[in-house]
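A.B. asks: Here it is: the structure, laid out below.
The values are calculated or read from the model by the stated rules, or taken from the named source; none is laboratory data. The structure presented is a predicted model; accordingly, all values stated were derived computationally and were not measured. A quick note on method: Cβ atoms are made from the backbone with ideal geometry, for glycine too, and the neighbour counts reach across all protein chains shown.
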Amino acid sequence: MQRMLQFFLIVSLLFIPSIGLSDNYKRATDDKDNVKNKLFTKDKKIELDLKMGLVLNSSFVDTMLFNGGVSYFWSEEWGVLGEANLAVSSDKNERGCLETFYNDPSQQVGRECGDGADWDDEANWGPAYMGIRELKSIVAVSAVWNPVYGKQIILLSGVGHFDLFIAMGGGLAMSDYYAKSPILLDGTTSRGSVTRDENDNITDQPGTNDESLTGIEGRPAVEAQTNVTAHFSIGQRFHFAKRFALLAELKNYTLLGTPSGFDNFFSLMGGIGIRF
């Protein structure tokens with residue numbers, strides 16, 4: 001009997017702390033204040049940011065983007081962003097390969113394009129001018145949604161604060177466009193021709209080797225264009241020093257009404273922001 005009483009006493013002591021507390025118990029993450037001690041708030045704040053990055057999906061041109069933006073947040077979740085981009089473009093060697101297509105009397109094309117002297121003399125060489133767009137500038141206005149705010153342990157010794165954001169909107173893009181052209185500046189076709197006679201003998205008329213009709217000098221006339229642009233991006237802020245944040249962002253600008261219907265430009269950007 002004494003042992004039974006001791007058993008019930010021990011069991012009672014174990015469960016007494018929970019009696020009357022179950023109705024009041026609530027996990028810290030069950031209310032709307034999901035992150036306790038949120039140090040870097042955005043509500044009613046203005047953020048200025050500077051970023052730079054590289055267009056990732058351009059085949060023939062390297063394009064650097066220099067971006068400046070101003071954001072205003074009317075809540076912790078929502079805000080509006082106005083931004084401007086300056087683009088600086090330079091030709092990749094692949095563009096030179098196409099626009100000379102091994103007709104390279106001045107030997108301007110790199111060896112990665114191939115060496116015409118090593119190829120069959122009957123090959124049909126000739127310049128090819130693809131439709132190529134060089135961005136100049138982009139301006140856009142977007143709604144900004146901040147669905148995630150969190151903390152992370154850094155090197156098991158410090159706490160880092162971050163948030164994830166998504167921006168969607170539109171604007172205008174200014175660019176220089178070189179239209180696809182099979183005709184050279186003198187009115188002749190850019191590619192040669194290959195014919196066969198009844199004895200299956202091949203006659204090759206290669207493309208031009210006139211330096212004034214190939215490469216940069218032979219490009220079709222440039223067209224300055226302005227296109228309506230849709231903008232979408234996803235990124236993260238890494239907060240520090242009360243007002244500052246490091247930014248990493250994957251951006252997409254879709255130019256509408258182009259000869260192909262639309263042109264997409266994906267860029268990876270990084271920079272810094274400050275809130276007031």
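A.B. asks: Quick one: would you say G257 is surrounded by 15 or more Cβ atoms within 10 Å (Cβ to Cβ), in contact with a strand residue (DSSP E or B) (Cβ under 7 Å, 6 or more places away or on another chain) and among the small types (G, A, S)? So that I can check it myself, show each step before the final result.
C.D. replies: Working: surrounded by 15 or more Cβ atoms within 10 Å (Cβ to Cβ): no; in contact with a strand residue (DSSP E or B) (Cβ under 7 Å, 6 or more places away or on another chain): yes; among the small types (G, A, S): yes.
So G257 fails the test.
A.B. asks: Further, regarding this structure: Can you pull out the residues in region 68-89 that are closer than 30 Å to Y178 by Cβ, in contact with a Ser or Thr (Cβ under 8 Å, 6 or more places away or on another chain) and either surrounded by fewer than 17 Cβ atoms within 10 Å (Cβ to Cβ) or not small (G, A, S) (or both)?
C.D. replies: Correct list: E83, A84, N85, L86, V88.
A.B. asks: So, of the residues in region 129-182 that are more than 23 Å from V55 (Cβ to Cβ) and of a type in the set (S, T, Y), which turns out to be surrounded by the fewest Cβ atoms within 10 Å (Cβ to Cβ)?
C.D. replies: The selected residue is S157.
A.B. asks: Mind listing just one residue for me: the one in region 191-242 that is small (G, A, S) and on the phi > 0 side of the Ramachandran plot and, of those, modelled with the lowest pLDDT?
C.D. replies: Across region 191-242, the extreme among qualifying residues is G215.
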